[in-house]
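For reference, the structure is listed below as structure tokens.
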Amino acid sequence: MICKNPATGEILRELDPTPVELIPELFVRSRKAQILWAALPPKKRAERLKQIRETLLNHTDELIELITQENGKPRLEALSSELLPSLELLTYFAKKGPGILRDTPLPLRLMKHRKSYLNHFPYGVVAILSPWNYPFLLPFSDIMLALLAGNSVIFKPSERAPLVGLRIQELCDESGLPQNLLQTVIGDDSVGAAVITAGASGASGPDKIFFTGNIENGKKILRAAAETVTPVSLELGGKNAIIVLPDADIEYATSAIVWGAFTNSGQVCAATSRAFVHEKIIDAVAARVAEKLSSLRQAPSSQYDNDLGPITLESQKAIYSKQLDEARNRGATIVCGGNFSQDRVFLEPTVLRTQDTAGLSVFTDETFGPILAISAFKSPADAVEQANRGHYGLTASIITKNLSLGEEIAKQLHVGTVMLNEVVYTAGLPEVPWGGVKRSGMGRAHSECGLLEFVNLRHIHKPRSRLFIFKSLWWFPYTPHQFMAFRKFADLYRNHWTDKIRAFPHFLIHLVHFLKREKRL
């Protein structure tokens, strides 16, 4: 298994894949480590996150270099979009995590002599399979929340970024994480399949699967998980819209469009790769976007002065060509870009414009690259209708000075996150949930919602004290007075108060007769 720099082709390291026959034993060791780890109170587990944060800080510069070399993104993005959000996540959950995992009381309306509460407990061993485009932040976030919740982890990084994945393992080991609590496997899809199906033969396997990737692989995981009824959390990408209303400041809007569509060279699940711009300002917006793109520096990330890195994944280039050819054939105008570099390492930042968007793959299918499709809209309702087309529902953005109108539109968009006058970045906020609807996936990362994805829910119901332990009214043997007491009790749910008053004496009479017969009074 050869790890290369996607910009230069330089071989960084050769690795031996994890033998699939060893994976069942990894689960056995993981389960033993998890039992001891889960016995620690959440506050103790949260303290370990602070130790990992310190270790991460000690290695920040080398991690920036590694992410840049293996993934190709600019150094600033490695720092600002991967490492800083990871540090913030550790800080937030080390403080807030134990409170989120605390038992939650459930007030009872009728049964005042009893108490109920929710108790959270870890799944056990979770499998985390991560992508290549954010090789540190995405798996690291899931791993930290899994550990905080009391799980152990079998982690498979993308075969396109295994060195970053192995470095996460080393950071956790260096911080003193117990042995076998996090175990990293490397390899291609066959290794990932072996992790997912480890429990199919009755052996120890994952208790929950967390996968970030494309729809087709997500479907395969769902089918495999169905065999063992294993719960799954999926983040499967997006085709995200940015809506620019006619009152928007054009300078601000075009800067948001350019960064939202082209950060990490567009290789972002949350990239705003569809721009719907009001017809009154679309000409000015398209021209200014092209002008700003012309000043961006596209080069290997060996220095600190590039804005756009290379195309990381070779297979993506065929998707770009297909989408661009289809758009040209349908009459779309290429506003700027559209050409690969001579060595095909880079695709020029590309903007195309068309009004014929129906069924056009650049508007419906995930591009995952430096291509922006622009179209006009006439009214907010038209913008909403166009933005809601398609089978993805991850994020959307709205650029406007009218925040009230922006919120009104936001509540009509079928996505997991809507940003007003911002783009992309909320995946780096630990306080807010991240995830989508429709085919963008199921489940949430980050926030209280994300942490609770890593625990089972247990309801505990008990008497308030030993003084309140007595037989329930609905236990055997059944009697006519018992039935009539319950029947009149049902009438107490009627809407009109006079009906309630008429029913109440009959309820009491039958209840007293029943209790006397049972010698409870």
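Name the helices (runs of 4 or more DSSP H) wholly within the stretch 204-301 that hold at least 3 residues that are closer than 24 Å to Leu313 by Cα and more than 19 Å from the chain's Cα centre (by Cα)?
250-262
Here is a list: Leu56, Leu15, Leu40. Which entry is within 25 Å of Ile154 (Cα to Cα) and not assigned by TED's automatic domain parsing to the domain that holds Gly202?
Leu15
Taking Ala225 as meeting all but one of (1) in contact with a helix residue (DSSP H, G or I) (Cβ under 8 Å, 6 or more places away or on another chain); (2) of a type in the set (A, V, I, L, M); (3) not assigned by TED's automatic domain parsing to the domain that holds Asn133, write down the number of the exception.
For Ala225, the exception is condition (3).
Are any residues in the stretch 363-386 among the hydroxyl-bearing types (Ser, Thr, Tyr) and without any contact (Cβ under 8 Å) to a residue 60 or more places away in the chain, and if so, which ones?
Residue satisfying the conditions is Ser379 alone.
Anything in the stretch 339-357 that is under 24 Å from Ala387 (Cα atoms) and either aliphatic (A, V, I, L, M) or modelled with pLDDT of 95 or more (or both)? List them, or say none.
Those that are under 24 Å from Ala387 (Cα atoms) and either aliphatic (A, V, I, L, M) or modelled with pLDDT of 95 or more (or both): Pro349, Thr350, Val351, Leu352, Arg353, Thr354.
Condition (residue is of a type in the set (Ser, Thr, Tyr) and surrounded by 21 or more Cβ atoms within 10 Å (Cβ to Cβ)) applied to the stretch 25-40: is it met by at least one residue?
Within the stretch 25-40, one or more residues are of a type in the set (Ser, Thr, Tyr) and surrounded by 21 or more Cβ atoms within 10 Å (Cβ to Cβ).
Given the conditions (1) touching a residue at least 40 places away in the same chain (Cβ under 8 Å); (2) within 23 Å of Leu313 (Cβ to Cβ); (3) not acidic (Asp, Glu), report the number of the one that Leu360 does not fulfil.
(1)
Take the conditions part of a helix (DSSP H, G or I) and surrounded by fewer than 17 Cβ atoms within 10 Å (Cβ to Cβ) and apply them to Lys95. Does it pass?
It is true that Lys95 is part of a helix (DSSP H, G or I) and surrounded by fewer than 17 Cβ atoms within 10 Å (Cβ to Cβ).
For the condition of a type in the set (A, V, I, L, M) and in contact with a Ser or Thr (Cβ under 7 Å, 6 or more places away or on another chain), what is the one hit in Leu106, Leu147, Leu79, Leu84?
From the options Leu106, Leu147, Leu79, Leu84, the qualifying one is Leu106.
Does Arg31 meet the test of being assigned by TED's automatic domain parsing to the domain that holds Leu163, over 30 Å from Ser301 (Cα atoms) and touching a residue at least 60 places away in the same chain (Cβ under 8 Å)?
Yes: the conditions hold for Arg31.
Name every residue in the stretch 430-481 that is among the β-branched types (Val, Ile, Thr) and within 17 Å of Ile100 (Cα to Cα), in order of residue number.
Across the stretch 430-481, the qualifying residues are Val432, Val455.
The values are calculated or read from the model by the stated rules, or taken from the named source; none is laboratory data. Just so we're clear, the structure is a prediction, and the values are computed from it rather than from any experiment. Here the Cβ is made from the backbone with ideal geometry for all residues, glycine too, and neighbour counts use every protein chain on show.
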